[in-house]
Amino acid sequence: MMVFDVNTKSSNTMPSRRNRAGIIDVAQKAGVSTATVDRVLNRRSGVRAATVQAVLKAAADLGYLPQDDLYKALRPQPMRLLFLLPAGTNRYLNMLGDYATMVHGQLEPFNVQCRNRFVEGFDARILADTLLREGKRVDGIAFMALEHPLVREAVNHLHEDGVHTITLISDLSRSARAAYVGLDNRAAGRSAGLLLGRFIGSRSGKVAMIAGSRHYRGHEEREMGFQHILDEKFPALRMVGLREGHDDAATNYRQSRQLLEQYPDLIGIYNIGGASDGVAKALKETGRDQAVVFVGHGLTPDTRALLIDGTMDALLNQNLHSTIFNTVRIFANVRAGREAMTGVEPMQISVVLSENLP
């Protein structure tokens, strides 16, 4: 931050600097006190916008500030953004959080400062408390929402306090969030069902789903889309229920082992959430990794390897770069008083196969 010395004397009292304006000159020209000039030039709060403009114009007219310093003084304080994501072994979410802080240089045009924090992702009270606590230190929060009244109330409270929120990957109904950045999850579920059904082909048998949690609206929508397209297009496939794995590799492994042991004719698995490596471990240990069609979400180093070795047949991906930059653009729009989605392209579902890996 620039700090300007309010004790800088005017040209009338410092002959050696008679060709340079001082802070007193700026104050006189703007018709304000030197204290007000100090507040404006050091970007402190409590000064009316019209007064800010008058001081900056006076400083520019008198040549008091070099061009670079004047530009910085005109520029608002960086917007403080937090990416609040579920903790755990979901590598895609870990990558998303890391990416938000890695691309700091590319976000310079948006005048933002991003940081990430990981929090217990399946406890609504912890998530709501964290939103309220972090909201006191930031200008905006992007987070993966649990569909719960406590979370909704926290978002609405932040909105009343002028802290904007954006939901990522999974949305929150009837809330004051500014926007949602993610896939059409019902379409994603239908796409997964179509892929799984086409890969299975003419075989008949049972298929299963593993979700992070039904408390994620996005996971619930994917489940519905998947179930609907199987009912419509693949009557030879029978669903055997949904298991919750909390996007945890060890839990997904146990759930998958139970499914494979309980249903010898299981021929398909759709992992709605993350931690696909847990599902893959169970498939490989039982020797059914090439027989059971496996569709999941999120391109990460581990899912990339699973596509290459044939354990995973296809995955649906939400581009990390687009997720971060769309989120920042929306926050910038809201700050500038524009419609939240101005210039923001909807997220596209990317289908990734072993033959088109980026």
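The values are calculated or read from the model by the stated rules, or taken from the named source; none is laboratory data. Bear in mind that the values here come from a model prediction, so they are computed numbers and not experimental data. Please note: Cβ atoms are built from the backbone with ideal geometry, for glycine as well, and neighbour counts cover all protein chains shown. Ligands, DNA and RNA are stripped out before the accessible areas are found, and what is left, the full protein with its side chains, is counted by its heavy atoms. Shrake-Rupley method; radii C 1.70, N 1.55, O 1.52, S 1.80 Å.
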- Item | Residue satisfying all of: in region 275-292; more than 23 Å from the chain's Cα centre (by Cα) and open to solvent by less than 10 Å² (accessible area, probe 1.4 Å); nearest to K206 (Cα to Cα) among these | V292
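In the same structural domain as V279 (by the TED database), buried (at least 24 other Cβ atoms within 10 Å of the Cβ) and of a type outside the set (G, A, S) - does that describe any residue in region 193-206? Can you show your working first?
The first filter runs over region 193-206 and keeps only residues in the same structural domain as V279 (by the TED database), leaving 193-206.
Those still in the list that are buried (at least 24 other Cβ atoms within 10 Å of the Cβ) too: 193, 196.
Now narrow it down to the ones that are of a type outside the set (G, A, S): 196.
Yes, the conditions are met somewhere in region 193-206.
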- Query: For region 97-111, how many residues are touching a helix residue (DSSP H, G or I) at 6+ places or on another chain (Cβ under 8 Å) and either among the hydroxyl-bearing types (S, T, Y) or buried (at least 23 other Cβ atoms within 10 Å of the Cβ) (or both)?
  - Reply: 2
- Any residue at all in region 346-358 that is of a type in the set (S, T, N, Q) and open to solvent by 60 Å² or more (accessible area, probe 1.4 Å)? yes
- Task: Scan region 275-306 for residues that are more than 17 Å from L93 (Cα to Cα) and outside any helix (DSSP H, G or I) and jot them down.
- Result: T286, G287, R288, D289, Q290, A291, V292, V293, F294, V295
- Task: Among the residues of region 222-274, count how many are assigned to a helix (DSSP H, G or I) and either open to solvent by less than 40 Å² (accessible area, probe 1.4 Å) or closer than 22 Å to D302 by Cβ (or both).
- Result: 18
- Item | L146 being part of a loop (DSSP other than H, G, I, E, B) and within 23 Å of L353 (Cβ to Cβ) | no
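Within region 138-165, count every residue that is within 18 Å of the chain's Cα centre (by Cα) and not small (G, A, S).
Residues that pass the stated criteria total 15.
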- Task: Select from region 112-143 the residues that are open to solvent by less than 70 Å² (accessible area, probe 1.4 Å), without any contact (Cβ under 8 Å) to a residue 40 or more places away in the chain and part of a loop (DSSP other than H, G, I, E, B) and list them in ascending order.
- Result: D123, G135
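Tally up the residues in region 40-52 that are touching a helix residue (DSSP H, G or I) at 6+ places or on another chain (Cβ under 9 Å) and part of a helix (DSSP H, G or I), please.
Of all residues in region 40-52, those touching a helix residue (DSSP H, G or I) at 6+ places or on another chain (Cβ under 9 Å) come to 40-47, 51-52.
Next, from what is left, pick out any that are part of a helix (DSSP H, G or I): 40-41, 51-52.
Number of matching residues: 4.
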- Flagged in region 149-197 as outside any helix (DSSP H, G or I), in contact with a Ser or Thr (Cβ under 7 Å, 6 or more places away or on another chain) and β-branched (V, I, T), in numbering order, are I166, V181
- Members of region 61-87 found to be closer than 23 Å to V334 by Cβ, open to solvent by 80 Å² or more (accessible area, probe 1.4 Å) and modelled with pLDDT of 75 or more, listed by number: R80
- Query: In region 1-36, which residues are within 41 Å of the chain's Cα centre (by Cα) and modelled with pLDDT under 85?
  - Reply: M1, M2, V3, F4, D5
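Kindly indicate whether A178 is closer than 17 Å to G274 by Cα and either surrounded by fewer than 20 Cβ atoms within 10 Å (Cβ to Cβ) or not polar (S, T, N, Q) (or both).
Numbers: closer than 17 Å to G274 by Cα: no; either surrounded by fewer than 20 Cβ atoms within 10 Å (Cβ to Cβ) or not polar (S, T, N, Q) (or both): yes.
No; evaluated as a whole, the condition is false for this residue.
So is V151 closer than 18 Å to G97 by Cα, open to solvent by less than 10 Å² (accessible area, probe 1.4 Å) and in contact with a Leu (Cβ under 6 Å, 6 or more places away or on another chain) or not?
Numbers: closer than 18 Å to G97 by Cα: no; open to solvent by less than 10 Å² (accessible area, probe 1.4 Å): yes; in contact with a Leu (Cβ under 6 Å, 6 or more places away or on another chain): yes.
Criteria not met by V151.
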- Message: I'm checking my understanding of the structure. Among residues of region 310-341 that are free of Cβ contacts under 8 Å to residues at least 12 places away in the same chain and not hydrophobic (A, V, I, L, M, F, W, C), which one is surrounded by the most Cβ atoms within 10 Å (Cβ to Cβ)?
- Response: N333
